[in-house]
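First up is the structure itself, then whatever we jot down about it.
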Amino acid sequence: MNASLPPTGPLPEAAPQPRTLLVKVFGTDRPGITAGLFSTLATFGVDVIDIEQLVTRGRITLCALVTPPAGGAPGPEGELRATVHRWADELRLQAEIISGTGDNRPRREGRSHVTVLGQPLTAGAVAALTARISEAGGNIDRVFRLAKYPVTAVELAVSGVATDALRGALAAEAVVQRVDVAVVRAGLHRRAKRLVVMDVDSTLIQDEVIELFAAHAGCEAKVAEVTAAAMRGELDFAESLRARVALLAGLDAGVVDKVRAEVRLTPGARTLIRTLKRLGYQVGIVSGGFTQVTDDLVERLGLDFAAANTLEVADGRFTGRVVGEIVDRAGKARMLARFAERAQVPLEQTVAIGDGANDLDMLNAAGLGVAFNAKPVVREAADTAVNVPFLDTVLYLLGITREEVEAADASDA
């Protein structure tokens, strides 16, 4: 017989699924409901197959999938139904018991986590996004809230459609609905990310450092014009950097202390870093700016890695040149790889965050690239984009909830 040919004859029938009971309880939440339901079920010797519980604005929905009691219907099973209803009536709850077969349907191939951020998150936006998921062939298996402030963040577990296809289907709708949508592949790798590397200017901080120096040198407008063109990808970064730094020639290097004091952290920056460090992450920064400022950020924030350009100083004044290896677009990607090697973390377990065109190589090299309030060319190329002004919303993309962050802060207070 040719081994490549399928056997002839009828296909074997699928094994019959065992009977199960779905017990659903609804009503006003209070302590002891879950314990009470399972104490009631325990008297009938049933086995628990699955449990789901949700509390929204003080209302509980509790579902238990269990085996029928020995003896089946109508005897013991009828007694179970009557007993559960009596218990629910005593607590002013509603109960429903549905007969069926088997367990939950297995989730289909193509699994993703879809994180939606809104400020506010409107019903219309949810309707439009979930419709796109359905049209793409996806099924929403689970929804839960990650945060209620400073933005509303919800996560949807979706199966049945490839992550890249789902991301494409939702990207345009997110723009129309004015919400942020991040789509990442499900799996253990999502929780295994252990190195986060951020751009500095307009990402970790709200400023462009070279413009702060330029303001003291009286050439801010000229520098800002070149910076904007470089961030849009219209100019080679290394060439634009040299042109801007040349305008600082002769500036007293003592201005560094003033610039450090003027730097404003992005809202949520401290929370992001503090939470990541608690979880055992290593955190680095890589900047087209200057070590004269990034060294101070490393000390203030307890960062693990940093790379930036260095302004040359002679006789107490800036010479208008940089020294050492220039950290440009390609340099940022090299630094990400270097940090990952030192941290002993594979690149696929890294997260990179940035806003400008010179961050693109780094974002593409990381396991997850996040465009943060980024230029259009960066948003289109990155894995996901966040357009709210809170850096700690990146935590939601990793499945970390606001409640978990606040609980950790409270315990360390």
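Results, tabulated for the structure shown:
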| item | result |
| --- | --- |
| Answer from Val84, Val114 - the residue that is open to solvent by less than 20 Å² (accessible area, probe 1.4 Å), in contact with a Leu (Cβ under 6 Å, 6 or more places away or on another chain) and not acidic (Asp, Glu) | Val114 |
| Residue in region 91-112 that is assigned to a strand (DSSP E or B) and within 30 Å of Ile400 (Cβ to Cβ) present | yes |
| Residue that is farthest from Gly254 (Cα to Cα) [pool: residues in region 314-332 that are open to solvent by less than 20 Å² (accessible area, probe 1.4 Å) and of a type in the set (Gly, Ala, Ser)] | Gly331 |
| Residues of region 397-413 that turn out to be of a type in the set (Ser, Thr, Tyr) and either out of contact with any Lys or Arg (no Cβ under 9 Å at 6 or more places or on another chain) or closer than 18 Å to Arg194 by Cβ (or both), as a count | 1 |
| Tally of residues being open to solvent by 10 Å² or more (accessible area, probe 1.4 Å), in contact with a strand residue (DSSP E or B) (Cβ under 9 Å, 6 or more places away or on another chain) and outside any helix (DSSP H, G or I) across region 200-219 | 5 |
| Residues satisfying the stated conditions in region 333-380, i.e. aromatic (Phe, Trp, Tyr), in a helix (DSSP H, G or I) and under 22 Å from Leu117 (Cα atoms) | none |
| Residue within region 2-10 that is of a type in the set (Gly, Ala, Ser), within 30 Å of Gly160 (Cβ to Cβ) and modelled with pLDDT under 95 present | no |
| Single match in Asp199, Asp180 (criterion: of a type in the set (D, E, K, R) and at pLDDT 95 or above) | Asp199 |
| Region 225-253: number of residues that are in contact with a Phe, Trp or Tyr (Cβ under 6 Å, 6 or more places away or on another chain) and either outside any loop (DSSP other than H, G, I, E, B) or basic (Lys, Arg) (or both) | 1 |
| Any chance Arg142 is open to solvent by less than 90 Å² (accessible area, probe 1.4 Å), under 22 Å from Arg185 (Cβ atoms) and of a type in the set (Lys, Arg) | no |
| Of residues in region 220-230 being closer than 20 Å to Arg260 by Cβ and more than 32 Å from the chain's Cα centre (by Cα), the one surrounded by the most Cβ atoms within 10 Å (Cβ to Cβ) | Val223 |
| Residue under evaluation Ala186, criteria (1) in contact with a strand residue (DSSP E or B) (Cβ under 6 Å, 6 or more places away or on another chain); (2) among the small types (Gly, Ala, Ser); (3) at pLDDT 90 or above; (4) open to solvent by less than 50 Å² (accessible area, probe 1.4 Å), criterion not met | (3) |
| Residue list for region 356-368, restricted to those being within 19 Å of Phe305 (Cβ to Cβ) and either modelled with pLDDT under 95 or crowded, with 24+ Cβ neighbours inside 10 Å (or both) | Asn358, Asp359, Met362, Leu363, Ala366, Gly367, Leu368 |
| Residue in region 338-348 that is within 26 Å of Ala229 (Cβ to Cβ), among the basic types (Lys, Arg) and open to solvent by 50 Å² or more (accessible area, probe 1.4 Å) present | no |
| Whichever residue in region 254-283 is part of a helix (DSSP H, G or I) and of a type in the set (Ser, Thr, Tyr) and, among such residues, is farthest from Thr393 (Cα to Cα) | Thr275 |
| Hey, Leu391 crowded, with 16+ Cβ neighbours inside 10 Å, over 15 Å from the mean Cα position of the chain (by Cα) and under 12 Å from Met198 (Cα atoms) or not | no |
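The values are calculated or read from the model by the stated rules, or taken from the named source; none is laboratory data. Remember, predicted model here, so these are calculated numbers, not experimental data. Counting neighbours? That spans all protein chains shown, and the Cβs are built from the backbone with ideal geometry, glycine included. To get the accessible areas, we keep the full protein, side chains included, count just its heavy atoms, and leave off ligands, DNA and RNA. Shrake-Rupley method; radii C 1.70, N 1.55, O 1.52, S 1.80 Å.
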